[in-house]
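This report concerns only the one structure given below.
Every read-out reported here was derived from the displayed coordinates using simple, explicitly stated rules and does not represent laboratory data. Here the structure is a predicted model, which means the values were calculated and not measured. Because the Cβ atoms are built from the backbone with ideal geometry, glycine has one as well, and the counts that use them run over all protein chains shown.
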Amino acid sequence: MSNFAQPSGRAQKAGTIHISQVWGSVLAIACFLLLGASAFAQTPAVGAKAPDFTLSTPTGKAVTLSTEQSGHDLVLVILRGFPGYQCPYCVKQVHDFADRASDFKAKNTRVLLVYPGPPADLDQHAKEFLEKQAELPSNVVLVTDPDYKVTNLYGLRWDAPHETAYPSTFILDKKGMVVFEKISHSHGDRLSAQDALDHLSTN
């Protein structure tokens, strides 16, 4: 006869529950680390401070939101970027904002365009995108968002085949606070440059 008593059914069940809880916690932490805290971020609401970030232009120049915005109102445009092709709605929207750059400058406003997509060749895709535009004016800047760093930070990841980000526009005041936002869940529902200028007039 063994000198070791067999654990009761109740003890075995308690042990199983404890192990399950431990593994559940471990898996939750692993998922959090794998996805990153940004995956759980929420889109900044009107009245909230816009999360700061640093991205680079297709030619490698670092651009920080707070530095770009400092002393200016700023229109932040999150494009669809490169979902496997150059989005015609993005081309049209960027052309619209570039054409009205002098009107934004008259309102002491800068425009920051974010072009998200998978990291492979994203800068090259962005350069090809810009070839569809005249040279961007000095107060309109485009940066790339490889691996959706900022897209996730702003809670705008459109996680579906052939999608990148929900096209969105935020207007920030000189303190970096969101005074207006438009989040689109379709490809073509974009804020026009005129609409942005109208909102700048009322804020």
*By average C-beta atoms within 10 angstrom, highest first, the peptides 149-158, 115-124*: 149-158, 115-124
*Per the Cauchy relation, a quarter of the hull surface: what is the mean projected area of the convex hull of the alpha carbons in region 105-152, in nm²?*
3.9 nm²
*Please list, or write none, the lysines whose alpha carbon is within less than 29 Å of the alpha carbon of Lys132, excluding same-chain residues fewer than 8 places away.*
Lys61, Lys92, Lys105, Lys107, Lys149, Lys182
